[in-house]
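Let me begin by presenting the structure, written as structure tokens, before commenting on it.
Please treat every number below as a calculation from the coordinates, not as lab data. Since the model is a prediction, treat every value here as computed from it, not as a measurement. Please note: Cβ atoms are built from the backbone with ideal geometry, for glycine as well, and neighbour counts cover all protein chains shown.
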Amino acid sequence: MPDLHLEKAHCQELTHPALLPKGCEAAVLRLDLLHPIVSGNKWFKLRYYIEQALQQQKKRIITFGGAWSNHLLATAYACKQFGLGSAALVRGERPTVLSQTLQQVDSMGMKLFFLSREDYRQKKIPEQLVTDSDYLIDEGGVGELGVQGAATLLDSVEMQRYSHIICAAGTGTTLAGIISAAPQTCSIIGIPVLNDLGTIEQTLHWYVHNKSAKWQLLPNYAWGGYAKHPPALLSFMNAFYEQTKIPTDIVYTSKLFYACLHLVENNFFDPGSRLLIIHSGGVQGNRSLPAATFCFT
Ligand SMILES: *Cc1c(COP(=O)(O)O)cnc(C)c1O
């Protein structure tokens, strides 16, 4: 099994009284601290794909992502570590100046191919790009192996301590892994970060095999859609950092933590609940905004 030797994720208690007014306790699984480059949930979703690619003696991984993609960054880094080539199909026309994330993956040897938004949506792979020695990973690592890998992000957690596990959902792959791994006593809550729940529901339908698991999606925390980050969300991120010293990202974890606090405030959880909030990383994506936007990096 290929191993990136990441730090072991630890759970940090959320103790700020203003955050937990109603007799609940909460801890944050700090996957953002696992590694300076490959933070969060992305390595977990990749690990079994990389293992299979190596077993099948593939030479290169090809995958998809946007200009600030955490998935491309983790893929480029992992491929370099394991001696695989990497290529990315990037959403949108090639810009005159590459985003910092794309510069970083480029410097790790990832080859970039830009697709128009329409071609990207249809996942139109340029002809002759893919050969027999290439291994394709779907956008966001969606698929059986991605879900199995995501399930391992709970390996270091004493799960019976928690009544609820809450995570952000993009494709829903991570959520599906968590639902598969969590004990029956645990309720799982997904916070969609985009308006179209269809993909997430489909992922859960296909890849959650344990039909008696307790889970739900709470769809009111997308802030207008994927990667939308109104000023009020940015203010929340700074205030949350001041109170907890936990940095969040504009696409996923800010919306997750906002949702958690809003739910606690509105008595969503019974007194005595113990929440585990999954900090799935991704803070590097904040570089898409001016550094002065945030009181943290
Ligand atoms: C990709 C990502 C997610 C969403 O993961 P899915 O498995 O696609 O639902 C959540 N948080 C962060 C920081 C991510 O980069």
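GNM, the chain, Cα, under 10 Å: largest mean-square fluctuation among 140, 225, 272? The residue that fluctuates most here is 272. Among 217, 98, 275, which one shows the highest mean-square fluctuation when the chain is modelled as a Gaussian network with alpha-carbon springs under 10 Å? In this elastic network of the chain, the residue with the biggest mean-square fluctuation among 217, 98, 275 is 98.
In the chain, the C-alpha radius of gyration followed by the widest Cα-Cα span (Dmax) gives 18.7, 59 angstrom. Label 7 Å along Cα→Cβ of residue 18; region 248-275 residues with amide nitrogen under 15 Å? Only 258, 261-262, 265 pass the distance filter.
3J(HN,Hα) along region 139-147: 3, x, x, 4, x, 4, 5, x, 5 Hz, from the Karplus curve 6.51 cos²θ - 1.76 cosθ + 1.60 with θ = phi - 60°, whole Hz, x for Gly and Pro. Using R0 = 45 Å, the C-beta based FRET efficiency linking residue 241 and residue 56 works out to 0.55. Using a 10 angstrom cutoff on alpha carbons, build the Gaussian network for the chain and name the most mobile of 111, 80, 211. Top of the fluctuation ranking is 211. Comparing Cα centroids, region 175-206 and region 276-297 end up 23 angstrom apart.
Remark: region 199-213, residue by residue, has Karplus-estimated 3J(HN,Hα) of 4, 5, 4, 5, 4, 5, 4, 6, 10, 9, 8, 8, 6, 9, 5 Hz, where x stands for each Gly or Pro and the curve is 6.51 cos²θ - 1.76 cosθ + 1.60 at θ = phi - 60°. Taking the longest Cα principal axis of the chain as reference, the axis of helix 253-265 is set at about 20 degrees.
Around the amide H of residue 62, modelled in the peptide plane, lie the amide H atoms of 87, 135, 136, 137, all under 5 Å away and 5 or more residues distant in sequence or on another chain. Divide the volume of the convex hull around the Cα atoms of region 123-192 by the residue count and you get 91 Å³ per residue.
The amide H of residue 268, built 1.01 Å from its N in the peptide plane, has no neighbour under 5 Å, considering only residues 5 or more places off or on other chains. Rg/Rh for region 62-192: what does it come to with C-alpha atoms and Rh from Kirkwood? Reported Rg/Rh (Cα atoms, Kirkwood Rh): 1.04. Each peptide in 193-204, 248-259, 127-138 was scored by the mean count of other Cβ atoms within 10 Å over its residues; highest first, the order is 248-259, 193-204, 127-138. Helix 42-55 axis versus longest C-alpha principal axis of the chain: approximately 40°, rounded to the nearest ten. Normalised by the number of residues in the chain, the average gap of Cα pairs under 8 Å and 6 or more apart makes the relative contact order 23 percent. Computed over region 147-240, the alpha-carbon pair-distance distribution with 10 angstrom bins reads 16, 45, 29, 10, each value a whole percent.
Structure note, pairs 22/228; 80/123; 59/111; 42/255: Cα-Cα distances above 20 angstrom occur for 22/228; 80/123. Placing +1 on the Cβ of every Lys and Arg and -1 on the Cβ of every Asp and Glu, with nothing else charged, gives region 42-141 a dipole about its Cα centre of roughly 200 debye. Working from label points 7 Å from Cα in the Cα-to-Cβ sense, the residue 211 to residue 94 distance is 5.1 nm.
Across region 42-141, C-alpha contacts under 8 Å between residues 6 or more apart give a mean separation that, scaled by the residue count, equals a relative contact order of 36 percent.
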